[in-house]
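Inspection log for the structure reproduced underneath, given as structure tokens.
The values are calculated or read from the model by the stated rules, or taken from the named source; none is laboratory data. Computed from a prediction, not measured in an experiment: that's the story for all the values here. Methodologically, a virtual Cβ is constructed for each residue, glycine included, from the backbone with ideal geometry; neighbour enumeration extends over all protein chains shown. We work out accessible area using only protein heavy atoms, side chains counted, and drop any ligands, DNA or RNA first. Shrake-Rupley method; radii C 1.70, N 1.55, O 1.52, S 1.80 Å.
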Amino acid sequence: MQARSSTLEQATDLDLVPQKGFTIWLTGLSGTGKTTTAVLLEKKLRAQRVCVEVLDGDAIRDVISRNLGFSKAGRDENVYRLAFIANLLSRNGVAVIVAAISPYRAARETARTIIGDFIEVHLRCSLNVLVQRDPKGLYRRALTGELSHFTGVSDPYEQPLHPEIELNSDMESPEEGVERIWSALVSCGWVPRD
Ligand code: ADX
């Protein structure tokens, strides 16, 4: 009897972990630190025993969006697929982090409507700094005209008008950014206080 009751107590302890699903949507130009921020935030959520999944634009484009290009229609469809999956996960109690340029405002608003519990995080960074960082060499190729329709150089990026959070990735570290996102999640009551 004693053993049974302690098992139940353990189960109750595990149930204390809040399993509120939601989506953190990281938007911004290539190289602004969306993936880095997503990975750090994912680690922090896991450390708090929160179920979490990262949907990264680059990775999704290698799998379910590999038939899509970078036209407006291709990008909107990519964002729609991300939103569809994020919603399936979020409504089943998973914390989802989407990291995708998602350059068009209307498509992001559609994602917000589909998902509901949604925090938009805009990662800002000056083009000068992005061109200096250029870890994939894409800005160089875009500036020489070798790569066309590159976001921020030869393709539009519509900045969010009222994002829940704006991170200045040329002035704030990824760790500082994650702390600010965490504070917003705590304010929503979606994660425990540290
Ligand atoms: S989105 O516009 O549809 O949201 P997504 O985030 O999935 O884009 O993919 C962006 C990644 O695709 C970039 O990080 C970069 O590695 C690659 N890429 C290739 N061509 C382009 C392009 N023309 N514009 C932006 N990113 C591109």
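Observations, loosely collected:
- Flag for VAL54 being free of Cβ contacts under 8 Å to residues at least 60 places away in the same chain, touching a strand residue (DSSP E or B) at 6+ places or on another chain (Cβ under 9 Å), within 14 Å of the ligand (Cβ to nearest atom) and among the β-branched types (Val, Ile, Thr): yes
- Scanning segment 141-151 for residues that are under 12 Å from SER30 (Cβ atoms) and more than 8 Å from the ligand (Cβ to nearest atom) gives a single hit, ARG141.
- Scanning segment 63-106 for residues that are surrounded by 14 or more Cβ atoms within 10 Å (Cβ to Cβ), out of contact with any Leu (no Cβ under 7 Å at 6 or more places or on another chain) and polar (S, T, N, Q) returns SER65, ASN87, SER90, SER102.
- Residue that is open to solvent by 40 Å² or more (accessible area, probe 1.4 Å), free of Cβ contacts under 8 Å to residues at least 40 places away in the same chain and touching a Lys or Arg at 6+ places or on another chain (Cβ under 9 Å), where the choices are GLU176, GLU166, GLU109, GLU146: GLU146
- Exactly one residue out of THR32, THR36 is in contact (Cβ under 8 Å) with a residue 40 or more places away in the chain and either open to solvent by 70 Å² or more (accessible area, probe 1.4 Å) or hydrophobic (A, V, I, L, M, F, W, C) (or both), and it is THR36.
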